[in-house]
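Peer 1: To start, I am sharing the structure in question, which I have written as structure tokens.
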Amino acid sequence: MTQVTFPLPDVIPLIPEMFVAVMAMAILLWDLFLPKERKQWSAYAAMATCAVAAALTLKLASPDSVNAFYGFFILDPFASYAKLLIYAGTFFGIVLSLDYMKDEPNTGEYYSLMLFGTLGMMLMTSAPNFVTLYLGLELMALCTYVLVGYQRDVLRSSEAALKYFILGSLASGFLLYGISFIYGVTGTFDFAKAGIGIAHAGADAHMALMLGMVFLLAGMCFKVSIAPFHMWTPDAYEGAPTPITAFMSIGPKVAGLVIFIRVLADVLPALQVDYTTILTWLAVLTMAVGNLAAIAQRNIKRMLAYSTIGHIGFAMLGLIAANADGYAGVLVYLTVYLFMNMGAFAIIILMRREGIQGELLDDFAGLSRVRPGYALAMGLFLFSLAGIPFLGGFWAKYVVFIAVVEAGHLYLALTALLFSAVGAFYYLRVIKYIYFDEERVAFDFAESRLMQATVAVTAIAVVALGLFPGPMIDICKAAISNII
Amino acid sequence: MDTMLSTTELLAIPALPLAAALIVGLFGWALKEKVSHIICIAGVVGAALLSVHVFMQVLDGASFYGNFWTWMLSGRFVVPVGMMIDQLTVIMMMTVTIVSACVHIYTIGYMHGDPGYTRFFSYISAFTFSMLVLVMGNSFFTLFFGWEAVGLFSYLLIGFWFKRENANVAAMKAFIVNRVGDFGFAIGILAVWYYFGTVEYKEVFAAVPQFVSQGDSLHFLSWQMDAITFICIALFIGAMGKSAQVPLHVWLPDSMEGPTPISALIHAATMVTAGVFMVARLSPMFEFSETALAMVTVVGAITAWLCATIGLVQNDIKRVIAYSTCSQLGYMFVACGVSAYSVGIFHLMTHAYFKALLFLAAGSVIHAVMADQDIRRMGQLRKYMPATYITMLIGALALSGIPPFAGFWSKDLIIEAAAVRGMGWVSELAYWSVLTGVFMTAFYTFRMFFLTFHNSDRVPEETRAHLHESPKVITVPLMILAIGAAVAGWWGANILNIPGVETANNFFGNSIFVMEAHNPLLRLEEVEHSAGGHFWLEYGALVLALAGMATAWFMYFRETVYPARLAATFSGVHRFLLNKWWFDEMNWKIFIMPARNFGTFLWKKGDLAMIDRGLIHGGIIGGVIAGMNRMRAAQTGMVYHYAFAMVIGVFVLLTYLVLKG
């Protein structure tokens, strides 16, 4: 009888994941015992979880790639950096929820779901393997489905959640179908081995690989809202509670793009010619959809949904460039986007008129006269989103545009430039409302120190990243060094 | 010799006026007038004191060269920001800060009660900062930065009274004419970078001899010329704009629309001399191009003579002095052109004092006669304003070149240098222009002076009640400048030994480079030591200056019929001069009208018809709206439509890949 050894897996690299998982469960339980007036404590606990997890990730971060769990988990600078962005997204999402969810029942579940979703994203960023990828993706997706539909008594919210769920299932089906083709050809789930297998696959496997690649890409495109797999986004964004919209616009996008980069760089390098063509057309379509449709929107949440789509289209340029600068550019883009988008959402949540959340563009009319500080901050976020120098958003675009030009896609960069000019229109229109229109209904702000701090921090970050982009770009380049 | 100056002290010199300008510019609305002017004056006086201190150290042999930080780095293109402090720099720094300090103080009185009081102070402090950057910098980049910044403040200050249409037009004219010059200037700087791969003075200067011996040449239009000649001429075109040389001189007289302190500071003493400074600073380049030197000389000579003739007949007190400024700048360029750079800078310095003095005194007069600038409505003012009278007399004597006042020392040297340089027709032309110019200078100066302070009393009745001497804040700066105008020439000639031939004992030392074969001072010494009469060479200018004064005295000291009779006899010439050689009309016909017509055509047909109506409204906006509507229509809210879009998407991508094979 052969002796079966079963060594204990190396769990050290997974400490942040394990910590978040334990805390998510603990909060779920703890919340049951909290008296009603202290329900906020579960939110504070969730925030603390993010902070501690960030500290743990920083502590574990090293320039090397560490494999754990027999090749089912990888910890490298890329994953660590992405996790930090994800923590920040979750943290801000919780801050925005504090006031918004005050009157909702079962907030413990809510924060616990956010943490589980975060855990899913963390696993995605550390996936060296289709199995881990799928596991993390589904964990994240299931949590977001529920969170979108959290306000069960609001029709719009339930409808959005159901749509998101159905389409998400379809996308998961695409993804699995694509993975199965690649497994069929290469016989492995491991990214690196699959990549070698594809490179050495014979001509007879070509069609199978094409099928696998298209379905795989389609599944991933859905998660990061790349057209034409984006249609769920505006509905889900509009229907979801606003803090969840903010939450969904950061973490899942970070995790999705990280996975995108890993798959492109590890699994599909042999098919670069084919996927470049596909992604180029998808990028053009995504930028067109995002920037053109945003103009037609009257609802700021829908507008920001299309804005997310547009920004993903710009970030795709970094994927298409497929070089170190391009991938680092994607990280830069996500970093800046985190701050400017969170800031914008914080302002939206702060804006209330007679107790009702301001969601229409005209609700911003006259903001500058009532609250010049908020108006200035919103102005900064919008200018940054539009990519005006010298704010963070400018450098985000700059880095990916330069990368894609250097990769030889000049016309794509020019197209992106045109769309970013079109995009500037709808951002600047909001500024027009804020600064040049008269107030019609009295404002009634949800005053909260934490929210104000969030606005201040994000505004300062947008300006600081705009004035001194160097360190951020260097860090992103260092984070990408193990990938390419 | 190698003692280094303190970096902190050097940085403080431009930093003080800049800080003052920023504080007053940004927070002026919250400050009292008194506080704003105290801040600005403190900044500029501080800079002046530090400049004097640095000057003393340089006199003892200290110097500085270094970069502080890199402003821009792009591949091979490095733009450092640094300073180069030597004799040439310190004399400019001292002149700029002292005149600026006087003007600052004078402004308290002159601009009293103006609604833009604090704004004015912030501008002139910022201007002082820019000018200091221009002279203290160690590269073509800092030169360009200062050059454009002083241009900007000149524009803002000419148009300071922005509600007056004339002021706006004059400001625009100054800016646009300077653009023409700056075009050449920018090309020159780019050419320097192209050929030398650096913009730092030290490196460029060190590379010039080697570069010239390579003999690079280039075709420009149909001319074949040395690269160094091309560079120098391009840079000099910039100097022509900034220093108002014919034909780019037209903006300077119009700039007199600005408040008088500005005319004194910017349009007489400092900014307009930037071109002369630049040529002297770049002497290690200009020395290697005979053609460029000849061009500098000829342009200077023509300007010196032509603007002097215009000055003869002008009736606006400030315009007379303005044309005199153009003319004197011509003298300075002649000095540089004949390789007597040190003399050019010497004249720049003395001119700064006496011309600022003349302008400020004119301002004092204008202030007294209720902002009237026409000398035909003045006369006998000496009775009312003795301090202004005496100081202006000193300024006039200095400008005319009467010993022992400042102008005599420097101007005489220019004429002598031009006389002995020996560049063929070029130096002949220069010599005769500047020599006859002396007569005209003395004449127009004293014509203006007599008509203002002597002659008959032609002041209108309603103004007469207002006549009074100006307050102390105005007269004290006049007196300080009068001291400068009285002694700066003697000081420069005898203490600094500017006419000295040996680099060792000449103040400028190695900060100016002159080829031995070119050096007119060397030749001048030989000529003066040779036997034979050179009375005319030494005293010719003085005789002509006295003659000019005498003529003016004869015609204008009392009211006489001669001016009118002369104007009637030579009515054609008179009208020609009065209309300033019709330069403005020429520019209008040749450049401005065609440019405007062309612009109107592009605007009406190109922009409005083609781009706005055709492209934007028809094409782009139409396309965007159509696209937008299509996108919105696709977003139906039906989940099966969404799923269908996804399936179609996959299907299209697959089809594409399959068909591609």
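Peer 1: Return the residues of the stretch B:217-262 that are of a type in the set (F, W, Y), modelled with pLDDT of 85 or more and open to solvent by 10 Å² or more (accessible area, probe 1.4 Å); say none if nothing qualifies.
Peer 2: B:F230
Peer 1: Does A:K397 satisfy the criteria of being among the charged types (D, E, K, R), surrounded by 15 or more Cβ atoms within 10 Å (Cβ to Cβ), part of a helix (DSSP H, G or I) and out of contact with any strand residue (DSSP E or B) (no Cβ under 9 Å at 6 or more places or on another chain)?
Peer 2: So A:K397 fits the description; yes.
Peer 1: Quick test for you: out of B:H617, B:H574, pick the one residue that is more than 10 Å from every other protein chain (Cβ to nearest Cβ) and surrounded by 15 or more Cβ atoms within 10 Å (Cβ to Cβ).
Peer 2: Matching residue, one of B:H617, B:H574: B:H574.
Peer 1: Return the only residue of B:G109, B:G116, B:G82, B:G75 being open to solvent by 30 Å² or more (accessible area, probe 1.4 Å) and not aliphatic (A, V, I, L, M).
Peer 2: Only one candidate qualifies: B:G75.
Peer 1: Of the residues A:L428, A:L414, A:L382, A:L418, which is without any contact (Cβ under 8 Å) to a residue 60 or more places away in the chain and within 14 Å of chain B (Cβ to nearest Cβ)?
Peer 2: A:L418
Peer 1: Regarding A:A407, is this residue small (G, A, S) and either under 24 Å from the mean Cα position of the chain (by Cα) or within 14 Å of another protein chain (Cβ to nearest Cβ) (or both)?
Peer 2: Spelling it out, it is not the case that A:A407 is small (G, A, S) and either under 24 Å from the mean Cα position of the chain (by Cα) or within 14 Å of another protein chain (Cβ to nearest Cβ) (or both).
Peer 1: Only one residue in B:L399, B:L413, B:L429 is open to solvent by less than 10 Å² (accessible area, probe 1.4 Å) and touching a helix residue (DSSP H, G or I) at 6+ places or on another chain (Cβ under 6 Å). Which one?
Peer 2: Unique residue meeting the criteria: B:L399.
Peer 1: Quick check on B:T551: is it outside any helix (DSSP H, G or I), farther than 30 Å from A:S169 by Cβ and either open to solvent by less than 60 Å² (accessible area, probe 1.4 Å) or within 14 Å of chain A (Cβ to nearest Cβ) (or both)?
Peer 2: no
Peer 1: Determine, yes or no, whether A:V11 is in contact (Cβ under 8 Å) with a residue 40 or more places away in the chain and open to solvent by less than 10 Å² (accessible area, probe 1.4 Å).
Peer 2: In short, no.
Peer 1: Let me ask something else about it. Hey, could you check the stretch A:435-454 for residues that are aliphatic (A, V, I, L, M) and either free of Cβ contacts under 8 Å to residues at least 60 places away in the same chain or part of a helix (DSSP H, G or I) (or both) and say which is surrounded by the fewest Cβ atoms within 10 Å (Cβ to Cβ)?
Peer 2: Per the stated criteria, the residue is A:A453.
Peer 1: Looking only at the stretch B:636-661, which residues are more than 18 Å from A:Q272 (Cα to Cα), open to solvent by 80 Å² or more (accessible area, probe 1.4 Å) and among the aromatic types (F, W, Y)?
Peer 2: If the condition is that a residue be more than 18 Å from A:Q272 (Cα to Cα), open to solvent by 80 Å² or more (accessible area, probe 1.4 Å) and among the aromatic types (F, W, Y), then B:Y640, B:F644, B:F651 are the ones that fit.
Peer 1: B:R281 fails exactly one of the following numbered conditions: (1) basic (K, R); (2) crowded, with 24+ Cβ neighbours inside 10 Å; (3) over 17 Å from B:I91 (Cα atoms). What is the number of that condition?
Peer 2: (3)
Peer 1: Here is a further query. Considering only residues that are more than 25 Å from the chain's Cα centre (by Cα) and among the hydrophobic types (A, V, I, L, M, F, W, C), look in the stretch B:460-481 and name the one that is surrounded by the fewest Cβ atoms within 10 Å (Cβ to Cβ).
Peer 2: B:A465
Peer 1: For a quick check of your reading of the model, give me the residue pairs whose first member lies in the stretch B:380-407 and is farther than 18 Å from B:P471 by Cβ, whose second is surrounded by fewer than 17 Cβ atoms within 10 Å (Cβ to Cβ) and among the aromatic types (F, W, Y), with beta-carbon atoms closer than 6 Å and at least 6 apart or on different chains.
Peer 2: B:P404/B:W490
Peer 1: Right, another one. Show me the helices (runs of 4 or more DSSP H) found entirely inside the stretch A:151-247 where at least 2 residues are within 12 Å of chain B (Cβ to nearest Cβ), of a type in the set (G, A, S) and surrounded by fewer than 22 Cβ atoms within 10 Å (Cβ to Cβ).
Peer 2: Fully inside the stretch A:151-247 and qualifying: A:155-186.
Peer 1: Something else now. Go through the stretch A:189-218 and give me each residue that's closer than 22 Å to A:I74 by Cα and of a type outside the set (A, V, I, L, M, F, W, C).
Peer 2: Once the filter is applied, which keeps residues that are closer than 22 Å to A:I74 by Cα and of a type outside the set (A, V, I, L, M, F, W, C), the stretch A:189-218 yields A:D190, A:K193, A:G195, A:G197.
Peer 1: Can you tell me which residue is least open to solvent (accessible area, probe 1.4 Å) among those in the stretch A:455-484 that are without any contact (Cβ under 8 Å) to a residue 40 or more places away in the chain and within 16 Å of A:D325 (Cβ to Cβ)?
Peer 2: A:G470
Peer 1: List pairs: first residue in the stretch B:438-453 and under 16 Å from B:K318 (Cβ atoms) and open to solvent by 10 Å² or more (accessible area, probe 1.4 Å), second residue at pLDDT below 95 and not in a helix (DSSP H, G or I) anywhere in the structure, Cβ distance under 8 angstrom, at least six positions apart or on different chains.
Peer 2: Listed pairs, sorted by first residue: B:R447/B:L312; B:L451/B:M378; B:L451/B:G379.
Peer 1: Quick one: would you say A:A365 is of a type in the set (A, V, I, L, M) and under 25 Å from A:P471 (Cβ atoms)?
Peer 2: No.
Peer 1: Quick check on B:A442: is it modelled with pLDDT of 85 or more and over 25 Å from B:M278 (Cα atoms)?
Peer 2: yes
Peer 1: Now for a different question. Test B:A244 against the stated conditions and say whether it is part of a helix (DSSP H, G or I), among the small types (G, A, S) and either under 17 Å from B:Y341 (Cβ atoms) or in contact (Cβ under 8 Å) with a residue 24 or more places away in the chain (or both).
Peer 2: Criteria not met by B:A244.
Peer 1: Counting only residues that are open to solvent by less than 10 Å² (accessible area, probe 1.4 Å) and either closer than 12 Å to B:L265 by Cα or hydroxyl-bearing (S, T, Y) (or both), how many does the stretch B:120-136 have?
Peer 2: 6
Peer 1: Kindly list the number of the only condition in (1) surrounded by 11 or more Cβ atoms within 10 Å (Cβ to Cβ); (2) free of Cβ contacts under 8 Å to residues at least 24 places away in the same chain; (3) more than 9 Å from every other protein chain (Cβ to nearest Cβ) that fails for B:N587.
Peer 2: (2)
Peer 1: Any residue at all in the stretch A:415-426 that's in a helix (DSSP H, G or I), over 30 Å from A:D362 (Cα atoms) and open to solvent by 30 Å² or more (accessible area, probe 1.4 Å)?
Peer 2: Looking through the stretch A:415-426, at least one residue is in a helix (DSSP H, G or I), over 30 Å from A:D362 (Cα atoms) and open to solvent by 30 Å² or more (accessible area, probe 1.4 Å).
The rows are residues; the columns are (1) touching a Cys at 6+ places or on another chain (Cβ under 6 Å); (2) of a type in the set (D, E); (3) over 19 Å from A:T233 (Cα atoms).
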{"residue": "A:I244", "(1), (2), (3)": "no, no, no"}
{"residue": "A:G256", "(1), (2), (3)": "no, no, no"}
{"residue": "A:L264", "(1), (2), (3)": "no, no, yes"}
{"residue": "A:D274", "(1), (2), (3)": "no, yes, yes"}
{"residue": "A:A283", "(1), (2), (3)": "no, no, no"}
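Peer 1: Kindly indicate the residue of the stretch B:631-652 that is at the interface with chain A (Cβ under 7 Å from one of its Cβ atoms) and part of a loop (DSSP other than H, G, I, E, B) and also farthest from A:A227 (Cα to Cα) among those meeting that condition.
Peer 2: Per the stated criteria, the residue is B:G637.
Peer 1: Take B:I415 and tell me if it is at pLDDT 90 or above and within 19 Å of B:P499 (Cα to Cα).
Peer 2: In short, yes.
Peer 1: Six or more apart or on different chains, Cβ under 7 Å: which pairs go from a residue in the stretch B:111-125 that's free of Cβ contacts under 8 Å to residues at least 60 places away in the same chain to one that's in a loop (DSSP other than H, G, I, E, B) and hydrophobic (A, V, I, L, M, F, W, C)? Could you list them?
Peer 2: Going by the 7 Å Cβ cut-off, the qualifying pairs are B:G116/B:F160.
The values are calculated or read from the model by the stated rules, or taken from the named source; none is laboratory data. Everything numeric in this text was worked out from a predicted model, so none of it was measured. Glycine also receives a Cβ, built like all others from the backbone with ideal geometry; neighbour counts cover every protein chain displayed. We work out accessible area using only protein heavy atoms, side chains counted, and drop any ligands, DNA or RNA first. Shrake-Rupley method; radii C 1.70, N 1.55, O 1.52, S 1.80 Å.
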